[in-house]
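Laboratory data are not the source of any read-out in this text; all were calculated from the coordinates shown. As the structure is a computational prediction, the values presented were derived from the model and not from experiment. Note that each Cβ is placed from the backbone with ideal geometry, even for glycine, and that neighbours are counted across all protein chains shown.
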Amino acid sequence: MYWFLLPLLAGFACDWASAFTTACSRRWGQRRGRRVTFFLRMVIGMPAWATGLALAVRTPAPRLFPQAPAAEIAGWLLVAAGCLPMIFGLLALRFPAALPSTQDALVAHGIYAHIRHPIYAGMLLEFLGLALLFPTPAALPACALGLAWIFVKTRLEELDLVQRMPAYRAYMQRVPRFLPRLPRKG
């Protein structure tokens, strides 16, 4: 039943390549390093973990708790809500979202003025939504691994971004990681 873990974990491991943009560029040069991170992340990593996740939610297994209509509605709302920050994040980043480089400029406008990682924030919402929609012995561990992977990847990527963009350290102090700050009253 847990054979979905192979593509899921292999995909997560390859998708972490974006967190090592600086190291890849130092090792293989700017152009080749960019190609390596693109290939590992976009060609192998993302399709592999998405396949693993799809296999997990499609694995026939009994639900660990009965599917309540409220949980199903909440699950779909979380999945849909997760799409919004991801779309706005990708629109703001554009090309560097797929091909990170040591020459990228800091993006601190649009949704990035409010949260540092809108794409990952959206993915967190989607993993939570999928856990509500598919509460099975296969899907729940896959979603839990996805949540953990995002937290680790975010931290590793931030270490890389500080190396690539000196202004990123000050940006980290100003802008929260996943949730925007509430406006202050008065």
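Summary table
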read-out: Net charge dipole size for the chain [Lys, Arg +1 and Asp, Glu -1 on Cβ; Debye, nearest 20]; value: 700 debye
read-out: Cβ-based net charge around residue 79, under 15 Å, with every Lys or Arg adding one and every Asp or Glu removing one; value: -2
read-out: Simple spin-label estimate for residue 68 and residue 99 in nanometres, 7 Å along Cα-Cβ; value: 4.9 nm
read-out: Protection-proxy order for peptides 95-108, 60-73, each taking the mean of Cβ atoms within 10 Å per residue, highest first; value: 95-108, 60-73
read-out: Degrees between helix 5-15 axis and first principal axis of the chain (Cα, 0 to 90, nearest 10); value: 20 degrees
read-out: Crossing angle, helix 139-164 versus the chain [Cα axis fit, 0-90 degrees, rounded to tens]; value: 10 degrees
read-out: Degrees separating the helix 46-58 axis from the principal Cα axis of the chain, which is the longest one; value: 10 degrees
read-out: Estimated 222 nm signal from helices in the chain, with DSSP H stretches of n ≥ 4 weighted -39500 (n - 2.57), rounded to 500; value: -20000 deg cm²/dmol
read-out: Simple label model, 7 Å out from Cα along Cβ direction - residue 165 to residue 26, nm; value: 2.0 nm
read-out: Top positive-direction residue, dipole computed over segment 5-174 with Cβ charges, set 7, 92, 20; value: 20
read-out: Pairwise label distance in nanometres, residue 90 with residue 179, each label 7 Å out on the Cα-Cβ vector; value: 2.6 nm
read-out: Mean separation of Cα contacts under 8 Å, 6 or more apart, over the residue count of the chain: relative contact order %; value: 28 percent
read-out: Charge context of residue 146, other residues only, Cβ under 14 angstrom, K/R +1, D/E -1; value: -1
read-out: Contour excess over end-to-end distance, with Cα ends at residue 38 and residue 113 and 0.36 nm allotted per residue; value: 24.4 nm
read-out: Alpha-carbon centroids, segment 42-117 and segment 149-186: separation in whole Å; value: 17 Å
read-out: Charge sum, other residues only, whose C-beta stays under 13 Å from residue 102's C-beta, Lys/Arg counted +1 and Asp/Glu -1; value: +4
